[in-house]
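What follows is a set of notes on a single structure, which appears directly below.
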Amino acid sequence: MATYDYRAGKKRIEEILDNKLEVIKKDELPKDDAFTFSNGYYSWVTGIFVDIRESSKLFSDENKEKVSKIIRSFTSELIEILRDSDKLREIGIRGDCVYAIYTTPYQDDIYELADKTFYINTYMKMLNQLLINRSLPQIKVGVGMSSAQELVVKAGRKDVGINSKVWIGNAVTQASNLSSIGNKNNNTPLVYSECSYINFIEKLIKNNPKEDPHSWFTKYQDKNYGVYYAANIIDTAFDNWISKGMKD
């Protein structure tokens, strides 16, 4: 049986603890090859998390083929929607949640991601209609989005190829937390941090001059989640296509 070399481990830990970290402030977060184990980037990032409601009930269904079809359908197209951006820096699946993290140095970048959440919300209508057509159970999701400046570092085990970025700040954690309350306790599916909302609302108003986008959101203040905005916005053209039977 292999044993852990704790003496060598002590040396590695001391090297990490005593090493000076170079923190680089940069509006746009670079891609993976710019990260080393001795640097970190402090940049504006935005996270989007899409979390299935009552997933334990779904996963416990004895018909595992049915469950696998639902989960694969859910993850496949969410990844397709989320991955389509040159600002993408990480995307993945955590259990019953699909997530993506982006570099967002400009307000237009944050608006682009808000628009993705509208597509996701509409996509769930399409998916559920297709599930109904096949007598499969529908699913609900909560979508959380948050923006903030974060310190991003490379972590893992040096020289063995096992490493990943760690996001130190509010954006990623808050996006995950907000996704957990979407479509729950009377909240609508889409939930945004105050910082995300402030940065995309002006362009949303500009792009919808005949509407009142402020009225699409409900503001909440919570001791656990801070100030957040909940909404149930859909993409009109996409929704109309669903309503017409998705024939073409």
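Of all the criteria given as (1) surrounded by fewer than 24 Cβ atoms within 10 Å (Cβ to Cβ); (2) closer than 13 Å to Gln107 by Cα; (3) hydroxyl-bearing (Ser, Thr, Tyr), the one not satisfied by Thr188 is (2).
Annotation note: of Lys206, Lys165, the sole residue that is modelled with pLDDT of 95 or more, out of contact with any helix residue (DSSP H, G or I) (no Cβ under 6 Å at 6 or more places or on another chain) and surrounded by fewer than 21 Cβ atoms within 10 Å (Cβ to Cβ) is Lys206.
Just one of the listed residues (Asp51, Asp96, Asp109) is in contact with a helix residue (DSSP H, G or I) (Cβ under 6 Å, 6 or more places away or on another chain), farther than 22 Å from Lys247 by Cα, among the acidic types (Asp, Glu) and at pLDDT 90 or above, namely Asp51.
Just one of the listed residues (Asn183, Asn224, Asn232, Asn199) is within 18 Å of the chain's Cα centre (by Cα) and modelled with pLDDT under 95, namely Asn183. May I ask you to verify whether Lys87 is charged (D, E, K, R), within 24 Å of Pro189 (Cβ to Cβ), surrounded by 17 or more Cβ atoms within 10 Å (Cβ to Cβ) and without any contact (Cβ under 8 Å) to a residue 60 or more places away in the chain? So Lys87 fits the description; yes. None of Asp108, Asp33 is touching a residue at least 60 places away in the same chain (Cβ under 8 Å) and not in a loop (DSSP other than H, G, I, E, B) except Asp108.
Taking the condition of a type outside the set (Val, Ile, Thr), assigned to a helix (DSSP H, G or I) and modelled with pLDDT of 95 or more, does Lys125 pass?
Taking the combined requirement at face value, the residue does not satisfy it.
Figure legend. Inter-residue proximity from segment 1-30: first residues small (Gly, Ala, Ser), second residues assigned to a loop (DSSP other than H, G, I, E, B), beta-carbon distance below 6 Å, spacing 6+ or different chains. No pairs are indicated. Flag set for Glu77, criterion: acidic (Asp, Glu) and part of a helix (DSSP H, G or I).
The values are calculated or read from the model by the stated rules, or taken from the named source; none is laboratory data. Owing to the predicted nature of the structure, the values given are computational and were not obtained by experimental measurement. Neighbour counts are summed over all protein chains in view; Cβ atoms, including those assigned to glycine, are modelled from backbone coordinates with ideal geometry.
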